[in-house]
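Enquirer: Okay, handing you the structure first.
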Amino acid sequence: MAELYDLHCHSTASDGALSPTALVQRAHQQGVTSLALTDHDTTAGLPEAKLCAMATGIKLIAGIELSTNWQNKCFHIVGLGIDPAYAPLAEATHNLQRTRLERAEKIALKLEKKRIPGAFEAVKNAAGEGMITRTHFADFLMSQNHVSSQQEAFDRYLAKGKPAYVATSWAELELAISWITGSGGVAVLAHPLRYKLTTHWMKRLLNAFKDAGGQGIEVITSRMNADEIRVAADYAARFDLAGSIGSDFHNAANQWVELGRLAPLPKNIKPVWELLD
Ligand code: AMP
Ligand code: MN
Ligand code: MN
Ligand code: MN
C-alpha cells in the first residue's frame, strides 16, 4: 500500500472539531498511513490519538504547533517526533494554557465593549480542557449571529487591527524551536506563505529559523495552488530544508481541507519524514 503522510492537523485538544479518536479514524478512512497530530500549543490529545492509532494500524507521529514571536510577528512552528514528557516543553505547554486563558479574558472584554457579552463563558465551555483559540471566538460570534462565517469573524473582530484583537507575547522563535529539538523533534515552519512576507523578510526569517535549529518547511499545505507550491519548494531547496506536507485539517465542514488530500512533495525536495525515526 502506498504511504500517505499528513503531518499537520487539529483535534478538540485545540481548535479542531473532532476528538483525537475521531480524527485518527477519519484519517485512516481517507487512506492516511502516517498522521501527525499538531494541536496549537498542546500535546494533550496525543495519548488518546496514540491508542486509536495502534487500534487502527495507522502510524501516529507526536506533534505540536507552537505559536511563536519573531520580530514582533506571530509564526507557527510545527514540531514533529517530539517527546511530550521533555520537561521544558511540558512546562511551556502548561504555561501556554494560562497565556491563552488570560488572552481569552481580554478578547471577551473587548467584545463586551462592542456590546457582545458572554464570550468568555462560551469559549471556555466550548474548549473544555483544551486550548482556547480565536477559532472558538469565531464559532461563538457565528452562533450569536454576529457574523455568518469564521472568515467574517476574523475580518470584523479577531484579526490583527480589528476591535477584539489582543496582542499576545508568545515564546521567541528560537526558544520555541529549542523546546522541539531538545525533546528530540524536528522543527518545521508551518504554512510559510500565509505570513505574507516579502522575499527579503522571508529570507531573514528562514536564516533565523535555520540558525535556531529549524530543519523543515511545509511545502504542501491546504489550498495551495501550483505557483505557491513552487515558491515554497524553492525556499526549501535554497535553504536546504526538508519538505513537509500537512492538511491543517480542523473540521469536516470545511470541504476544501480534508485529511490526506494533498499534492505529493516535489521530487527534488527531501521529505521531512526521512528525518524522523
Ligand atoms: P490563535 O492561535 O488562538 O490565535 O488562533 C489561530 C487560529 O485561528 C488558526 O490556527 C486558524 O485555525 C484560525 N484562523 C486564523 N485566521 C483565520 C481566518 N481568517 N479564518 C478562519 N480561521 C482563521
Ligand atoms: Mn487553528
Ligand atoms: Mn497555523
Ligand atoms: Mn494548524
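The values are calculated or read from the model by the stated rules, or taken from the named source; none is laboratory data. All values reported here derive from a predicted model rather than from experimental measurement. Glycine also receives a Cβ, built like all others from the backbone with ideal geometry; neighbour counts cover every protein chain displayed.
Enquirer: Kindly evaluate ALA90 against the criterion of being under 19 Å from the mean Cα position of the chain (by Cα), of a type in the set (Gly, Ala, Ser), at pLDDT 95 or above and closer than 22 Å to SER169 by Cα.
Expert: Values: under 19 Å from the mean Cα position of the chain (by Cα): yes; of a type in the set (Gly, Ala, Ser): yes; at pLDDT 95 or above: yes; closer than 22 Å to SER169 by Cα: yes.
Considered against the rule, which asks whether it is under 19 Å from the mean Cα position of the chain (by Cα), of a type in the set (Gly, Ala, Ser), at pLDDT 95 or above and closer than 22 Å to SER169 by Cα, ALA90 comes out as yes.
So that you can scan it fast, the table gives a plain yes or no per residue for (1) crowded, with 20+ Cβ neighbours inside 10 Å; (2) over 18 Å from ILE177 (Cβ atoms):
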| position | (1), (2) |
| --- | --- |
| GLY63 | yes, no |
| GLN71 | no, no |
| CYS74 | no, no |
| LEU80 | yes, no |
| LYS114 | no, yes |
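Enquirer: If you take the residues of segment 242-255 that are more than 16 Å from ligand 3 (Cβ to nearest atom) and more than 14 Å from LEU7 (Cβ to Cβ), which of them is surrounded by the most Cβ atoms within 10 Å (Cβ to Cβ)?
Expert: If we filter segment 242-255 for residues that are more than 16 Å from ligand 3 (Cβ to nearest atom), which is where we start, we get 242-243, 252-253, 255.
In the following step, the residues that additionally are more than 14 Å from LEU7 (Cβ to Cβ) were identified as 252-253, 255.
Values: ALA252: 13, ALA253: 8, GLN255: 6.
Filtering first and then ranking leaves ALA252.
Enquirer: Can you pull out every residue in segment 1-35 that is farther than 14 Å from MET54 by Cβ, within 16 Å of ligand 2 (Cβ to nearest atom) and outside any loop (DSSP other than H, G, I, E, B)?
Expert: Scanning segment 1-35 gives ASP6, CYS9, LEU23.
Enquirer: Continuing with this model, one more query. Yes or no: ASP248 in contact (Cβ under 8 Å) with a residue 60 or more places away in the chain, within 24 Å of LYS73 (Cβ to Cβ) and assigned by TED's automatic domain parsing to the domain that holds ALA13?
Expert: yes
Enquirer: Which of the numbered conditions does LEU206 fail, given that it passes all the others? Conditions: (1) touching a helix residue (DSSP H, G or I) at 6+ places or on another chain (Cβ under 8 Å); (2) away from ligand 3 (no atom under 16 Å from the Cβ); (3) in a loop (DSSP other than H, G, I, E, B).
Expert: (3)
Enquirer: Any residue in segment 97-113 that is among the acidic types (Asp, Glu) sitting within a Cβ distance under 7 Å of a residue that is assigned to a helix (DSSP H, G or I)? List the pairs, counting only those 6 or more apart or interchain.
Expert: From segment 97-113, the pairs are GLU105/PHE120.
Enquirer: Does any residue of segment 195-202 turn out to be within 25 Å of THR133 (Cβ to Cβ) and buried (at least 20 other Cβ atoms within 10 Å of the Cβ)? Can you show your working first?
Expert: Of segment 195-202, the ones within 25 Å of THR133 (Cβ to Cβ) are 195-197.
Keeping just the survivors that are buried (at least 20 other Cβ atoms within 10 Å of the Cβ) gives none.
No, because not a single residue in segment 195-202 is within 25 Å of THR133 (Cβ to Cβ) and buried (at least 20 other Cβ atoms within 10 Å of the Cβ).
Enquirer: So which residues in segment 52-72 are at negative phi and either assigned to a loop (DSSP other than H, G, I, E, B) or free of Cβ contacts under 8 Å to residues at least 12 places away in the same chain (or both), if there are any at all?
Expert: Here is the first cut: in segment 52-72, the ones at negative phi are 52-56, 58-70.
Those that are at negative phi and either assigned to a loop (DSSP other than H, G, I, E, B) or free of Cβ contacts under 8 Å to residues at least 12 places away in the same chain (or both): MET54, ALA55, ILE58.
Enquirer: Only one residue in ALA167, ALA171, ALA159 is crowded, with 19+ Cβ neighbours inside 10 Å and among the hydrophobic types (A, V, I, L, M, F, W, C), so which one is that?
Expert: Values: ALA167 fails: crowded, with 19+ Cβ neighbours inside 10 Å; ALA159 fails: crowded, with 19+ Cβ neighbours inside 10 Å.
From the options ALA167, ALA171, ALA159, the qualifying one is ALA171.
Enquirer: Additional query: Which residue is nearest to ligand 4 (Cβ to nearest atom), if the candidates are limited to segment 214-237 and must be among the β-branched types (Val, Ile, Thr) and in a helix (DSSP H, G or I)? Outline the logic, then answer.
Expert: Step one: list which residues in segment 214-237 are among the β-branched types (Val, Ile, Thr), which gives 217, 219-221, 229, 231.
If we keep only those that are in a helix (DSSP H, G or I) as well, we get 229, 231.
On the way: ILE229: 18, VAL231: 20 Å.
So the residue we want is ILE229.
Enquirer: Do we have LEU206 as under 26 Å from TRP179 (Cα atoms), within 16 Å of ligand 1 (Cβ to nearest atom) and aliphatic (A, V, I, L, M) here? Please lay out each step first, then the result.
Expert: On the way: under 26 Å from TRP179 (Cα atoms): yes; within 16 Å of ligand 1 (Cβ to nearest atom): no; aliphatic (A, V, I, L, M): yes.
No, not satisfied.
Enquirer: Hey, another quick one. Condition test on ASP240, is it modelled with pLDDT under 95, over 30 Å from SER148 (Cα atoms) and assigned to a loop (DSSP other than H, G, I, E, B)? Give the derivation first.
Expert: Values: modelled with pLDDT under 95: no; over 30 Å from SER148 (Cα atoms): yes; assigned to a loop (DSSP other than H, G, I, E, B): yes.
Spelling it out, it is not the case that ASP240 is modelled with pLDDT under 95, over 30 Å from SER148 (Cα atoms) and assigned to a loop (DSSP other than H, G, I, E, B).
Enquirer: Still on this structure: Confirm whether ALA44 is within 16 Å of ligand 2 (Cβ to nearest atom) and in a loop (DSSP other than H, G, I, E, B).
Expert: Working: within 16 Å of ligand 2 (Cβ to nearest atom): yes; in a loop (DSSP other than H, G, I, E, B): yes.
Yes, satisfied.
Enquirer: Any idea how many residues of segment 81-126 are of a type outside the set (Lys, Arg) and within 16 Å of ligand 4 (Cβ to nearest atom)?
Expert: Taking segment 81-126 first, the residues of a type outside the set (Lys, Arg) are 81-97, 99, 101-102, 104-105, 107-109, 111-112, 116-123, 125-126.
Right, trim to within 16 Å of ligand 4 (Cβ to nearest atom) and you get 82, 93, 96.
Total satisfying the criteria: 3.
Enquirer: I've got another one for you. When segment 1-50 is examined, which residues are found to be away from ligand 4 (no atom under 15 Å from the Cβ) and of a type in the set (Val, Ile, Thr)?
Expert: The answer is THR21, VAL24, VAL32, THR33.
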